[in-house]
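> One structure, pasted below without further comment.
Just so it is clear, none of the values below were taken in a lab; they were calculated from the coordinates. Keep in mind that this is a model prediction, so the values were computed, not measured. Cβ sites come from the backbone with ideal geometry, for glycine too, and all protein chains shown count toward neighbours.
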Amino acid sequence: MDTLSYPIKKIFMTQKSMNELLKSIQTTFEQQKFSDLTTRNYFREFRRIQDYMNQNNLILYDESIGENYLNSMVLKDNLSKNVLSSINRTLCLLNDKVNDFPLRKKRIALKTYPLDGELGIHAETFIKQFRDEIRPAQQTLKTYIIALSHFTVRMEMDNIGLKELSDTVILRFFSSLQNLRERVCVPVRRFLRYLYLGELIEKDLSVYLFSMKDHRAEKVPSFYTNDEIRKMDEAIERNSPVGKRNYAMFLLASRLGMRSSDIRNLQFRDIDWERNVITFQQYKTAKVIELPLYTNIGESIIDYIHKGRPQSSDKTVFLSATVPYTPITATAFSSIISNIIYKAGIETKGRHHGSHCLRHSLATSLLKQGTSLPVISETLGHSNTESTMIYLNVDVEGLLRCSLNVPPVSEQFYNQKGGMFYV
């Protein structure tokens, strides 16, 4: 049975130039007398990582970049475990160097999550279908893999296959999970529903898990004030081709609340210059929405197309600045926004500083201006207002303004004859 692998999450996030790191590693290899063969093998992998960074317009290396690189390799088909182990050893060495640790001879093993037995075969098919159709975030996909690994391994240990699955088996499994129960519930519930709809089991066992809810506290989304957004505007250098591109993408995120995936996948055909609107199908929800093309956004896009965009037949608007001029990746886009916030000198402690925070900031700003929830929901392209309700958590002042004073009640009300307070 194949296993789906993910690296152990790293802690330190020190950043250094890749060129600086490779020079330092070369010096260390020479001092410790690494063999020529070992040096060649390591540097071959270093060059692949450097190519990955160049494609994503990344200059400074940190452990999150290494993790994203490994994740991208894990999802490739027919990649042997030996190749993954080699990549992992290389990243461990690179992470040691970026954190100024002495090079370790013993490396951390790549953690795997097996999908065992008959149910494991179907779980693997379900995960691939879930990945291709839903296109979840990497962390969400990882959560599903871990949850179904727990489930299939336990079922295999208990000799439970499709025919033996029952409500008793499911409830017994969840009663043994304790603290993991909430994290495992949704993936297993969706997997059981998949088995039923595929006529692999006769009874819909997912119904027994609908009452089991996740009681973990919801996270309040990070947001930035209008003054902080203006500081970000001013921090963007707009003379270079990269600066022109970054400014246009930043405006789409901060002024229209577009998701990273929709900005990165924006096509020329999506922009109607005559009507001054942008119409596109959202990558996440598949919902078609139409947004206004404000003058400053339109001018920034034109400025990039005429003076910054490399010559390419690609129909995607925003491209990388280096050959082979491919569409911007999620990692690169997040890094671009983080760098803008960092250069603006804005305090980020306790707040996320990726691309999605700009979407939250727009929703919060609209809410503070008194915009109704359905309008905000339509602007963000949510399929329903329930998805938008989370933004109410960040506008405490607005909620207080909505509260009403309780009018005084006369004593006669409590003492009236026949009333519930009558004694």
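> Which distance in Å, rounded to a whole number, links the C-alpha centroids of segment 16-80 and segment 313-367?
What the calculation gives is 24 Å, centre to centre.
> Could you tell me how far the Cα centroid of segment 154-173 sits from the Cα centroid of segment 240-279, in Å?
Taking the Cα centre of each part, segment 240-279 and segment 154-173 sit 50 Å apart.
> Continuing with the same structure: Hey, rough spin-label estimate for residue 14 and residue 175, points 7 angstrom out along Cα→Cβ, what's it come to in nanometres?
Inter-label distance under the simple model: 5.1 nm.
> Roughly speaking, what is the stretch gain from residue 204 to residue 157, that is 0.36 nm per residue apart minus the C-alpha to C-alpha distance, in nm to one decimal?
On the way: separation 47, 0.36 × 47 = 16.92 nm, distance 2.28 nm.
Once the chain is fully extended between residue 204 and residue 157, it gains 14.6 nm.
> Taking 0.36 nm per residue of separation and subtracting the Cα-Cα distance, what length does fully extending residue 140 through residue 30 add?
Length difference between fully extended and current span is 35.4 nm.
> To the nearest 0.05, how large is the calculated FRET efficiency for residue 303 and residue 323 if R₀ is 25 Å and r is the Cβ-Cβ distance? Don't skip to the end; give the middle numbers.
Working: r = 22 Å, r/R0 = 0.90.
Given R0 = 25 Å and the Cβ-Cβ separation, E is 0.65.
> Run the paramagnetic zone check for residue 285: 7 angstrom along Cα to Cβ, then residues of segment 338-365 with backbone nitrogen under 18 Å.
Residues 356-365 qualify, since their backbone N sits under 18 Å from the label point.
> Once amide H atoms are built 1.01 Å from N in the peptide plane, which residues 5 or more positions from residue 112, or in another chain, come under 5 Å H to H?
The answer is none.
> Related question: Net charge within 12 Å of residue 240 by Cβ-Cβ distance, Lys/Arg positive one each and Asp/Glu negative one each, not counting residue 240 itself? Can you show the working numbers first?
On the way: positive: 238, 244, 245, 307; negative: 237, 303.
Every neighbour counted, the sum reads +2.
> Roughly speaking, what is the stretch gain from residue 133 to residue 349, that is 0.36 nm per residue apart minus the C-alpha to C-alpha distance, in nm to one decimal? Write out the running numbers ahead of the final one.
Values: separation 216, 0.36 × 216 = 77.76 nm, distance 3.54 nm.
Roughly 74.2 nm would be gained on extension.
> Which entries of 128/284; 244/343; 16/343; 23/81; 231/368 show an alpha-carbon separation above 25 angstrom in the structure shown?
Details: 128/284 17 Å; 244/343 16 Å; 16/343 17 Å; 23/81 29 Å; 231/368 20 Å.
In this structure, 23/81 lie more than 25 Å apart at Cα.
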